[in-house]
1. Mind pulling the angle between the C-alpha long axis of helix 148-169 and the longest principal axis of the chain? Nearest 10 degrees, somewhere in 0 to 90.
2. Once R0 is set to 22 Å, what does the formula 1/(1 + (r/R0)^6) return for the Cβ-Cβ distance between Ala9 and Asp98, expressed as a FRET efficiency to the nearest 0.05?
3. What distance in nm separates the simple spin-label points at Ile22 and Ala140, each placed 7 Å from Cα in the Cβ direction?
4. Sorted by mean Cβ packing within 10 Å, highest first, what order do the peptides 99-109, 24-34, 57-67 take?
5. Which Rg and Dmax, in Å, describe the Cα atoms of the range 1-119?
6. Quick one: of the DSSP bridges fully inside the chain, what percent are antiparallel, nearest 5?
7. Is there a quick way to get the dipole size of the chain? I mean about its Cα centre, with the Cβ of Lys and Arg at +1 and of Asp and Glu at -1; what is the value in debye to the nearest 20?
8. Cα centroids of the range 56-72 and the range 2-25: how far apart, whole angstrom?
Amino acid sequence: FVAQNIAEALKCKFEAKDTKKITIIACENYIKASSFLKELVLEKLPEDVATFTQEVVIFADAAVDCIVPPSENKESLTVRVEAFYELVVDKTALIDSDLLAIPNIIFTDTILAFVERKLFTLNAAHATTAYLGYIMGYKAIDEAIADKNIRGFIQDMMTKNGEILCRKHNFDAAEHTKYIQKILKRFANTY
């Protein structure tokens, strides 16, 4: 739904003859979200603006991880987020970019490895915890993960998936174990 707004902004950039390069990163739970967004934006542009856009706009794919708990205040624009976050960006799209100097972003030339890590560790565990919790009558993830049987099953699942991911993508096994422990701690967050 943001593609039309971005297309309108890029038309203005074209009309102003503004050739300064910009980077767009779609932080969404979607594989190659920025690449997909680029297709949607280009479809909405006249040919000359689309050509210009491909020369001055970088759409860098990313894997993003940050839980935004539901807000009680529907009238406020204030957003509360958990302390943990991770943003992994495809550095192959950012050759000679100033963005590479931004701290706390993981830049990689193997973005799909990190997307798979998130899908098969965090997302798979989150969904499975929710399904098992629902079957057991729990109302929230923190309640479900507090159940020793569910927690044991989830930890085993993430460990087995992690072994495969570490073998496939050469992730450090000790670092991946820390990642799993962080996820379990996050699931226990009552917020």
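The numbers here are math on the coordinates, done by the rules we state, and not lab data. This one's a predicted model, so the numbers in the text were calculated from it and none came from an experiment. Cβ placement follows ideal geometry from the backbone for every residue including glycine, while neighbour counts extend to all protein chains displayed.
1. Helix 148-169 and the main axis of the chain meet at about 50 degrees.
2. Numbers: r = 20 Å, r/R0 = 0.90.
With R0 = 22 Å, the Cβ-Cβ based efficiency is 0.65.
3. 3.9 nm
4. Working: 99-109: 11.6, 24-34: 16.8, 57-67: 19.8.
Order by mean packing, descending: 57-67, 24-34, 99-109.
5. 16.0, 46
6. Numbers: 4 of 10 bridges.
Taking every DSSP beta bridge with both residues in the chain, the antiparallel ones total about 40 percent.
7. Working: 23 positive and 27 negative charges, 111 e Å.
So the magnitude is around 540 debye.
8. Spelled out, the Cα-based centre of one part sits 20 Å from the other.
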